[in-house]
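Only one structure is covered here, and it is reproduced in the block below.
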Amino acid sequence: MNLENENGEITWDIKGFKAFSDLAMTFFPEYSNIDAASKRMRAEIENDESLFNALKQAHYTHNTTRLSPNQQYILISLWGPSHIHLHFRFGTQETGEE
């Protein structure tokens, strides 16, 4: 998945299946190893009933090792991107008040 900015729009580029462990390390970079990140991600998924049910409908199980593009889409739709990079300047914000 790549975060791209085209014409002021933020898009995600999901290219095929992705290893569960790779996505877990993307969402949980504070873990030093793949197993810990994967365990944390599975726990977070299973503790979120709406996410877990949506993924199950897309054929996710506790033993899923490769996430389909649809499963990745569901995760991103509910969790948001794994990384957000903001650009702004202090003192230049317009409030819209007259």
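Dipole magnitude for segment 22-85: about 160 debye, using +1 per Lys or Arg Cβ and -1 per Asp or Glu Cβ, origin at the Cα centre.
The relative contact order of segment 22-85 comes to 26 percent, based on Cα pairs under 8 Å that sit 6 or more residues apart.
Estimated at 0.36 nm per residue, the fully extended path between S32 and Y73 surpasses their Cα-Cα distance by 12.2 nm. Sorting F28, F90 by solvent-accessible area of protein heavy atoms yields F90, F28, largest first, with a 1.4 Å probe.
Per residue, segment 22-85 exposes 62 Å² of accessible surface when a 1.4 Å probe is rolled over the protein heavy atoms with every protein chain present.
The values are calculated or read from the model by the stated rules, or taken from the named source; none is laboratory data. None of the values given here were measured: they were computed from a predicted structure. Every residue, glycine among them, receives a Cβ derived from its backbone with ideal geometry; neighbour counts consider all protein chains shown. Accessible surface areas use protein heavy atoms only, side chains included; no ligands, DNA or RNA. Shrake-Rupley method; radii C 1.70, N 1.55, O 1.52, S 1.80 Å.
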